Amino acid sequence: MSEVEEVNGEPGNFRVKVRQKPRFIDLEKCTGCGECARVCPVALKNEYDMGLSERRAAFRRYAQAVPGAFAIEKRGTSPCKATCPAHISVQGYIALAAEGRYREALELIKKDNPLPAICGR
């Protein structure tokens with residue numbers, strides 16, 4: 001999940017600039033069970049085997065990856081927001097509610113949809 005962007009200096013005295021990609025999964029909580037990949041609805045080409053097979057957007061880079069935690073590959077808008085008729089940020093709402101920030105979650109959902117209870121039914 002990291003890439004070398006730049007190397008400066010000479011042997012024995014150099015600096016390396018590394019960009020680490022976000023996992024979007026908490027490493028402290030991930031047990032590596034793979035349940036997220038089993039229920040993920042988004043299928044992508046697997047870069048590890050030259051695109052010969054598919055993998056889910058929730059994935060482990062390869063079997064021997066260290067750490068063994070999964071990651072989520074995000075491209076553009078989430079499928080749930082893109083297909084929602086009101087284009088509501090459901091992920092943001094759930095994240096705020098999970099942190100116990102209910103008032104902020106309600107404000108976020110009402111920003112785009114003034115009648116969330118009716119639309120949810």
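Throughout, read-outs are computed from the coordinates displayed, never taken from laboratory work. From a predicted model like this one, the values you see are computed outputs, not experimental measurements. FYI the Cβ positions are ideal-geometry reconstructions off the backbone, even for glycines, and counts take in every protein chain you see.
Descriptive notes on the structure:
- Longest segment of the chain lacking GluC sites (Glu not before Pro) that sit in a DSSP loop with at most 12 other Cβ atoms within 10 Å: 29-98
- Over 27 Å apart at the Cα level, from the set Lys21/Lys45; Lys45/Lys111; Lys45/Lys81; Lys29/Lys110; Lys29/Lys74, are Lys45/Lys111; Lys29/Lys110.
- Selection of chymotrypsin sites (Phe, Trp or Tyr not before Pro), segment 1-87, meeting DSSP coil and at most 12 other Cβ within 10 Å: Tyr62
- If only the Cβ of Lys and Arg carry +1 and only the Cβ of Asp and Glu carry -1, the dipole of segment 22-75 around its Cα centre is close to 100 debye.
- Computed helical MRE - 222 nm, the chain, DSSP H runs ≥ 4 contributing -39500 (n - 2.57), nearest 500: -7000 deg cm²/dmol
- Each residue of segment 48-65 was assigned a 3J(HN,Hα) from its phi angle through the Karplus expression (A = 6.51, B = -1.76, C = 1.60, θ = phi - 60°), giving 5, 10, 6, x, 7, 10, 10, 9, 8, 5, 8, 8, 9, 3, 7, 4, 9, 4 Hz with x at Gly and Pro.
- In a DSSP loop and with at most 16 other Cβ atoms within 10 Å, the trypsin sites (Lys or Arg not before Pro) in segment 1-59 are Arg23, Lys29.
- Using the Cβ-Cβ distance between Val16 and Ala63 with R0 set to 35 Å, the FRET efficiency from 1/(1 + (r/R0)^6) comes to roughly 0.80.
- For the chain: rounded, prolate or oblate by the Cα gyration tensor [a/c cutoff 1.5]: prolate
- Its convex hull of Cα atoms gives segment 26-72 a direction-averaged projected area, equal to a quarter of the hull surface, of 3.2 nm².
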